[in-house]
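The values are calculated or read from the model by the stated rules, or taken from the named source; none is laboratory data. What you are looking at is a predicted structure, and each value in this text was computed from that prediction instead of being measured. So basically every Cβ, Gly included, is an ideal-geometry build from the backbone, and we count neighbours across all protein chains shown. Note: accessible area is taken over every heavy atom of the protein model, side chains too, but ligands, DNA and RNA are not part of it. Shrake-Rupley method; radii C 1.70, N 1.55, O 1.52, S 1.80 Å.
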Amino acid sequence: MIDRPRIVSALGITLVLTAATALRANDAVDREVIHRIKQEVFYHTEVMDHLFHLVEVYGPRITNSPGFDASAKWAASRLEEWGAENVKLERWGPFGQGWSRSYFSAHLVEPQYEMLIGVPLGWSPGTGGVVSGTPVIAPFGRQFTPKNFNQAVDEFSEQYKGKLRERIILITDLKDVNVQSDPAMRRLSRDDLSRRAKAPIPLVPIDFTDPDLEIPENDRRRSRLFSQAPRWFRERWRERLRKVQGRLNEFLTSEGVSLVIHPASRGDGGTVFPPRSGDRRVDHPIPPPSIALTPEHYNRIYRLVENEVPMKVEVEVKTAFHRETLDSVNVIGEIPGGAKKDEIVMIGAHLDSTAAALGATDNAAGCAVMLEVMRVLAKLDLKLDRTVRIALWGGEEQGLLGSKAYVKEHFADPRTMLLTSEHENFAGYFNLDNGTGKIRGVHLQGNDMVRPIFRTWLGPFNDMGADTLSIRNTGGTDHLSFDAVGLPGFQFIQDPVEYETRTHHSNMDAYDRAQPGDLMQAVVVIASFAYHAANREEKLPRKSLPEPLPAISE
């Protein structure tokens, strides 16, 4: 007698095992290729040479500045030198005016001399010579909250109208300087990675299109709200704050303020994380000459003024606005594929830096890694079914502008979700933009379909610390532009090292903060991912297409 349940059960098990075997075969890693990649990177790496040129020779690389333009041309020339094809500086825009700094000097000359540590604020003008005098304390926004920021400008204008001409002003109260209780340098522990690998607790959905949505005044509650907010909502909020900053700039300039001194928004010990002041948009009101000082130096000046001790500062700043063209560029180049050359695997990082920084860990490190990936793939002459394309983005620091423009031009407009013909042929995008730290895994960006694939691809690098997959979304960089139109885009999990404590957007984001071993490890991992994505039988799985962005009225 035939036992049908057992036959059906056996057949089911066979089908499952066959499917699992097929999946493993489709995503199996080529360890011989990985060995060759490791040999080239570990014994012949040029990643630190790429970093040297981007940071020491061309930094800072503010979009549309001479440093950015020169670094873009240099990167394109290196790609051509290695044999990449279709290398170009692909124009997009408008970005707006560029800006650069050429001189900074700040001193406390009375009651005792001290050399002041600081930076000019981006998109602020120069002083037109030495500015000297005793500052006046004119703190903006003592009661500044999300509900009353326009009111705060009105009250400030009313209080100080006619009182600030040719004055140096201290624009905030004393800045807290806390004893450093935690190490500045940190790597992710096993516990850190285990927590990141766990799925987040589901939250009740919030209707961010509700015009009456309350923005909490409490910092922690507001941060929690914004962590759930879609990108368009956060961008709209930043735009509102930009307009408020513009109103303040307009008042200060019209009053004839000679210099605005800010404390660093955070940092201590000579590290300056500056606030924002001016803007790339040509119609944005230009602030008076503006600088940020390390909090310890700002606080000394503040206390001297507050206690009416005779004192004097001297400051000179030289800056320039660049309006020759309001458009910018992305650096593009590719290694053509074979059997599926019309299908594209992309790797990328942003080339631009911020006003205060040489931009070593943010993000010359990512660019150096991606350039080295292209060099290695070309040098080894690896068989690639799909085309591997690199993009070094402009305008990331102002809101992912370069990658957004590229995605809109080539793949889809997130506002309408009308797809181009290139959308179908896109296989995947890998991004690196979280500092110098080694790769510890991948953020899946809510795409659970790639989990078994990436688990297999990470296997050869588990002994190098790369073994964590997190379903969580991670924000703030260019993979989001691809994800916004339903394309598989991913950012790697990286050790923080000193990213938030010392380097990110600071005056200390220098070549010496980069960790060569970490960058070499990242090259090996990403070169392997690019190779396997290019040769995988199918393109990487995709999430469902997102809905078009909602129309939001102010």
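Between the beta carbons of K312 and Q159, assuming R0 = 25 Å, the FRET efficiency works out to 0.50 to the nearest 0.05.
Between E110 and A551, residue separation times 0.36 nm minus the direct Cα-Cα distance comes to 153.1 nm. For segment 388-541, the solvent-accessible area with a 1.4 angstrom probe is 29 square angstrom per residue. Across segment 117-238, the relative contact order, built from alpha-carbon pairs under 8 Å that are at least six residues apart, equals 25 percent. Candidates L259, H479, I335 compared by Cα position along the dipole of the chain: farthest toward the positive end lies H479, with charges placed on Cβ. Charged side chains reduced to their Cβ positions (Lys and Arg at +1, Asp and Glu at -1) give segment 150-226 a dipole of some 640 debye around its Cα centre. Working note: Karplus 6.51/-1.76/1.60 with θ = phi - 60° gives segment 346-359 the couplings 10, 10, x, 7, 8, 8, 6, 10, 9, 5, 8, 10, 6, x Hz, where Gly and Pro are set to x.
When you restrict to C-alpha pairs under 8 Å that are six or more residues apart and normalise by the size of the chain, the relative contact order lands at 23 percent. Computed with a 1.4 Å probe on the full set of protein chains, the accessible area for D210 sits at about 60 Å².
Rounded to the nearest 20 debye, the dipole size of segment 57-141 about its Cα centre is 160 debye, using +1 on the Cβ of Lys and Arg and -1 on the Cβ of Asp and Glu. Considering the values [x] 21.9, 67; [y] 25.2, 82; [z] 25.8, 107, which represents Rg and Dmax of the Cα atoms in Å as calculated for the structure under consideration? Recomputing Rg and Dmax of the Cα atoms in Å here gives the entry labelled [z]. Projecting each Cα onto the charge dipole of segment 441-554 (Lys/Arg +1, Asp/Glu -1 at the beta carbon, about the Cα centre), which of Q521, I453, S506 comes out farthest on the positive side? Positive-most Cα among the choices belongs to I453. Computed in the context of the full set of protein chains, the accessible area of the chain at 1.4 Å probe radius has 51% of its extent on carbon or sulfur.
Multiplying the residue separation of E32 and R195 by 0.36 nm and subtracting their alpha-carbon distance yields 55.3 nm. Restricting the GluC sites (Glu not before Pro) of segment 461-549 to loop positions (DSSP other than H, G, I, E, B) with no more than 16 neighbouring Cβ atoms within 10 Å leaves E537, E538. The label-point distance for K88 and K379, in a model that sets each label 7 Å from Cα toward Cβ, rounds to 2.9 nm. Spacing of the modelled spin labels on T416 and N473, each 7 Å from Cα toward Cβ, amounts to 2.4 nm. FRET efficiency for the pair Q39 and V204, taken as 1/(1 + (r/R0)^6) with r the Cβ-Cβ distance and R0 = 45 Å, rounds to 0.30. Summarising the strand pairing of the chain, around 55 percent of its internal DSSP beta bridges are antiparallel.
Solvent exposure of segment 243-321, expressed per residue, is 38 Å² of accessible area, with all protein chains present and a 1.4 angstrom probe. The residues of segment 143-240 expose on average 74 square angstrom of accessible surface per residue, using a 1.4 Å probe on protein heavy atoms. A helix-only calculation puts the chain at -10500 deg cm²/dmol for mean residue ellipticity at 222 nm, using -39500 (n - 2.57) for each DSSP H run of at least four residues, averaged over all residues.
Restricting segment 150-241 to trypsin sites (Lys or Arg not before Pro) that sit in a DSSP loop and have at most 12 other Cβ atoms within 10 Å of their own Cβ leaves K161, K163, R165, K198.
Here the dipole of the chain is about 940 debye; that uses its Cα centre as origin and unit charges on the Cβ of Lys and Arg (positive) and Asp and Glu (negative). Candidates T294, V29, N86 compared by Cα position along the dipole of the chain: farthest toward the positive end lies V29, with charges placed on Cβ.
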